[in-house]
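What follows is a set of notes on a single structure, which appears directly below.
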Amino acid sequence: MSTLEFNQLLVNNAEFLKPFAITLTRDTEAAKDLFQETLYRALANKDKYNVGTNIKAWLYTIMRNIFINNYRRKVKKYTIFDATPNDFLLNLNQVSVANAAESNLRIKDIQHAIHNLPEIFRNPFLLYFDGFKYHEIAEMIDEPLGTIKSRIHFARKLLKAQIEK
């Protein structure tokens, strides 16, 4: 395929990348940058394009890979390594005193709140709390997966409201 044919194919199939770039970045300026970088990389690597294959899929893959690499670079850039010694934490426990009675009361309050939940919410919540996965709970109770997820969600909301009182 000649350079002119490839460029024409690229121009004809480039517009669909703009909405995909906005979906990935959720920012119009970043999406424009991603779009330009994708077209640049496509032009720079035109020899790697196999004639007859889906150019849209090829361009999508280029854009997705650029976005992922930029994201990883940004996360790595903002990672902070703290090499300072934490000697000031050595005597931290000497100031505070553990109050086992208060923590036991809180645990009892939480257990009481769990057992006061309606049974429809309590059973899935207790199974989830015991470490079962959503799909396992759905099979055990013989309910749809979405129903189990919503019941556990509502159980958490009810517990939070009861404990805040």
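For the stretch 106-131, what are the residues that are under 22 Å from residue 142 (Cα atoms) and polar (S, T, N, Q)?
123
Residue by residue through the stretch 17-45, note down the ones that are surrounded by 11 or more Cβ atoms within 10 Å (Cβ to Cβ) and part of a loop (DSSP other than H, G, I, E, B).
27, 45
Looking at 141, 148, which one is in contact with a Phe, Trp or Tyr (Cβ under 6 Å, 6 or more places away or on another chain) and either surrounded by 11 or more Cβ atoms within 10 Å (Cβ to Cβ) or within 25 Å of residue 164 (Cα to Cα) (or both)?
After applying the criteria, what remains is 148.
Looking at the stretch 3-43 only, could you name the residues that are more than 26 Å from residue 74 (Cβ to Cβ), among the polar types (S, T, N, Q) and in contact (Cβ under 8 Å) with a residue 40 or more places away in the chain?
3, 13
Please verify whether residue 53 is of a type in the set (S, T, N, Q) and within 15 Å of residue 67 (Cβ to Cβ), treating the condition exactly as stated. Break it down stepwise before answering.
Values: of a type in the set (S, T, N, Q): yes; within 15 Å of residue 67 (Cβ to Cβ): no.
The answer is no for residue 53.
Each reported figure results from applying straightforward, stated rules to the coordinates on display, with no laboratory input. None of the values given here were measured: they were computed from a predicted structure. Positions of Cβ are backbone-derived with ideal geometry, glycine not excepted, and every protein chain shown enters the neighbour counts.
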